[in-house]
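Participant: Take a look at the following structure, please.
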Amino acid sequence: MELEKGWLTGVRKVVSPHCDQRPADTVPNLLIIHNISLPPGRFGGPYIDQLFTGTLNPQDDPFFAEIHTLRVAAHCLIRRDGEIVQYVSFNDRAWHAGVSQWQGRERCNDFSIGIELEGTDTLPFTEAQYRSLTEVSELLISAYPITVENITGHSEVAPGRKTDPGPAFDWAGYRQRLRAVQP
């Protein structure tokens, strides 16, 4: 896997309209980890792709009536089996963090990359997901001014509003994997 003009090679690409250009002279230096499952607590299926492309049918599940009009997308999704799906170029601003702040800077979408893990706050993520997340994170760290210290959860940039990736995410193990490959 490599990066070409903000896109990962060798991964499934589903282009989302829920993005735009970053502000002038803004390069991402923050990585935000999220989780998502649609319907809540269920894995697999087409619904995350549909949400991120604005094609979610509100009649497919009662919960979808609440969210089908949202204009959201992360840059990437990592499914339970480790499959990586990219929706937005890392060079563009994906609409993933909403109202947010990191170290005194507001509007985190302007300067961050968002990666969704298929999961919930309370169920452990899979080994395959951690492997894929580590591989993508390493590429991003090598291509953008992102450091291990500037990798955080959605809950940290939107406290009180968001809880993901949740207590089931193994921050210590993930950071240890990243530090093992840092020069």
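Participant: Loop only per DSSP, at most 13 neighbouring Cβ atoms within 10 Å: give me the GluC sites (Glu not before Pro) in segment 1-71, ordered by residue number.
Facilitator: On the way: sites: GLU2, GLU4, GLU66; in loops: GLU2.
Filter output for segment 1-71: GLU2.
Participant: Something else now. Return the long-range amide H neighbours of LYS13 (sequence gap of 5 or more, or a different chain), with a cut-off of under 5 Å between placed amide H atoms.
Facilitator: Answer set, sorted by chain and number: GLN86.
Participant: When the accessible area of segment 46-101 is split by element with a 1.4 Å probe, what percent falls to carbon and sulfur?
Facilitator: On the way: 1200 of 2370 Å².
Answer for segment 46-101: carbon and sulfur cover 51 percent of the accessible area.
Participant: What spacing in nm lies between the two simple spin-label points modelled at VAL15 and ASP92, each 7 Å away from Cα in the Cβ direction?
Facilitator: 0.7
Participant: What is the Cα centroid distance between segment 58-134 and segment 164-180, reported in whole angstrom?
Facilitator: Here the answer is 16 Å between Cα centres.
Participant: Relative contact order of the chain, please, whole-number percent, based on alpha carbon pairs below 8 angstrom and at least 6 residues apart. Mind showing how you got there, number by number?
Facilitator: Numbers: 363 pairs, mean separation 51.2, N = 183.
About 28 percent, as a whole number.
Participant: Classify segment 36-114 as rounded, prolate or oblate, taking a ≥ b ≥ c as the square roots of the eigenvalues of its Cα gyration tensor: rounded when a/c is under 1.5, otherwise prolate if a/b is larger than b/c and oblate if not. Could you put the intermediate results ahead of the total?
Facilitator: Values: a/c = 2.11, a/b = 1.54, b/c = 1.37.
Note, shape of segment 36-114 comes out prolate.
Participant: Taking the convex hull of the alpha carbon atoms in the chain, what volume per residue do you get, in Å³? Don't skip to the end; give the middle numbers.
Facilitator: Values: hull volume 20.9 nm³, N = 183.
Per-residue hull volume (Cα only) is 114 Å³.
Participant: Leaving out ligands and nucleic acids, note down the accessible area per residue over segment 2-180 with a 1.4 angstrom probe, in whole Å². Provide the component values of the computation, followed by the final result.
Facilitator: Working: 8300 Å² over 179 residues.
Per-residue accessible area for segment 2-180 comes out at 46 Å².
Participant: Of all beta bridges DSSP finds with both residues in segment 2-180, what is the antiparallel percent, to the nearest 5? Intermediate results must be reported in sequence, preceding the final value.
Facilitator: Working: 10 of 25 bridges.
So the antiparallel bridges amount to about 40 percent of the total.
Participant: Hey, could you get me the Stokes-Einstein D for segment 58-156, Kirkwood radius over alpha-carbon pairs, 4 °C and 1.567 mPa s, rounded to whole µm² s⁻¹? Show your work: numbers first, answer last.
Facilitator: On the way: Rh = 14.8 Å.
Diffusion coefficient, whole number: 87 µm²/s.
Participant: Still on this structure, I have one more. Explain nothing, just compute: Karplus ³J(HN,Hα) = 6.51 cos²θ - 1.76 cosθ + 1.60, θ = phi - 60°, for every residue of segment 81-96 in order, whole Hz, x for Gly and Pro.
Facilitator: 8, x, 4, 9, 10, 10, 10, 9, 4, 5, 6, 9, 8, 7, 9, 10
Participant: Treat every Asp and Glu Cβ in the chain as -1 and every Lys and Arg Cβ as +1, leave all other atoms uncharged, and give the resulting dipole magnitude about the Cα centre to the nearest 20 debye. Provide the component values of the computation, followed by the final result.
Facilitator: Values: 17 positive and 23 negative charges, 37 e Å.
About 180 debye.
The values are calculated or read from the model by the stated rules, or taken from the named source; none is laboratory data. Every value quoted in this text rests on a predicted model; they were computed, and no experiment measured them. Reconstructed Cβ throughout: ideal geometry from the backbone, glycine too, with neighbour counts over all protein chains shown. Just the protein is used for accessible areas: all its heavy atoms, side chains included, with ligands, DNA and RNA removed. Shrake-Rupley method; radii C 1.70, N 1.55, O 1.52, S 1.80 Å.
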